[in-house]
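The values are calculated or read from the model by the stated rules, or taken from the named source; none is laboratory data. This is a predicted model, so every value here is computed, not measured. Positions of Cβ are generated from backbone atoms using ideal geometry, with glycine treated the same way; all protein chains shown enter the neighbour counts. All accessible areas refer to the heavy atoms of the entire protein, side chains included, with ligands and DNA or RNA removed. Shrake-Rupley method; radii C 1.70, N 1.55, O 1.52, S 1.80 Å.
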2 protein chains.
Amino acid sequence: MLYHIKVLVYLKDGVLDTQGKAVLGTLHRMNYTELKDIRIGKYLQLWIEAPDKETAKKRVVEMCSDLLVNDLIEDYSIEVDDIS
Amino acid sequence: MLYHIKVLVYLKDGVLDTQGKAVLGTLHRMNYTELKDIRIGKYLQLWIEAPDKETAKKRVVEMCSDLLVNDLIEDYSIEVDDIS
């Protein structure tokens, strides 16, 4: 069965987001002064064949720890949708 | 009032995701052959002062069209949480 899995990867609290700070400065110069902060992470969409939802999720967790997430500075959340 | 807004930015269907293809190849070489596809987008978290939810969302939509989203090749979705 094919599963569509959404993974949100974001910097842990306290980790300096240099990209976010740069974008914040630009938006302030564009007069969006009410913006207090912006943090930029990754939105991963994966399509994976698996016998069931748990196996699909388990494999994505393995991919996250192997490659997709730097667990020194990043956290992530996973959402599993089944397609067919 | 401070609002926490989450924006998911992702490539439109049909737009080649070169980054996604590169990661897919790496994961296949790491024996995650059941992975059919992966598409990589941006997960933006914004904290914005606004009198109400609609105004907060409206301003973020403006920021998206002004800077945060390239609407030629990207789509996005917005989710508004209020904090206090």
*Can you spot a residue in the range A:46-66 that is open to solvent by less than 70 Å² (accessible area, probe 1.4 Å), within 14 Å of residue A:10 (Cβ to Cβ), touching a helix residue (DSSP H, G or I) at 6+ places or on another chain (Cβ under 9 Å) and not charged (D, E, K, R)?*
no
*Subset of the range A:8-23 [within 24 Å of residue B:77 (Cβ to Cβ), of a type in the set (A, V, I, L, M) and more than 9 Å from every other protein chain (Cβ to nearest Cβ)]*: A:11, A:22
_With in a loop (DSSP other than H, G, I, E, B) and either β-branched (Val, Ile, Thr) or modelled with pLDDT under 95 (or both) as the only criterion, which of B:15, B:9 stands out?_
B:15
*asked:* Being open to solvent by less than 60 Å² (accessible area, probe 1.4 Å) and more than 17 Å from residue B:67 (Cβ to Cβ) is the requirement here; does residue A:15 meet it?
replied: yes
*Going through the range A:25-80 one residue at a time, which ones are assigned to a strand (DSSP E or B), polar (S, T, N, Q) and at the interface with chain B (Cβ under 7 Å from one of its Cβ atoms)?*
A:45
*Scanning for something under 28 Å from residue A:59 (Cβ atoms) and either free of Cβ contacts under 8 Å to residues at least 60 places away in the same chain or among the basic types (Lys, Arg) (or both), does the range B:44-65 turn up at least one residue?*
yes
*Please determine, by comparing only the residues of the range A:21-36 that are in contact with a strand residue (DSSP E or B) (Cβ under 6 Å, 6 or more places away or on another chain) and surrounded by 14 or more Cβ atoms within 10 Å (Cβ to Cβ), which one is farthest from residue B:32 (Cα to Cα).*
A:34
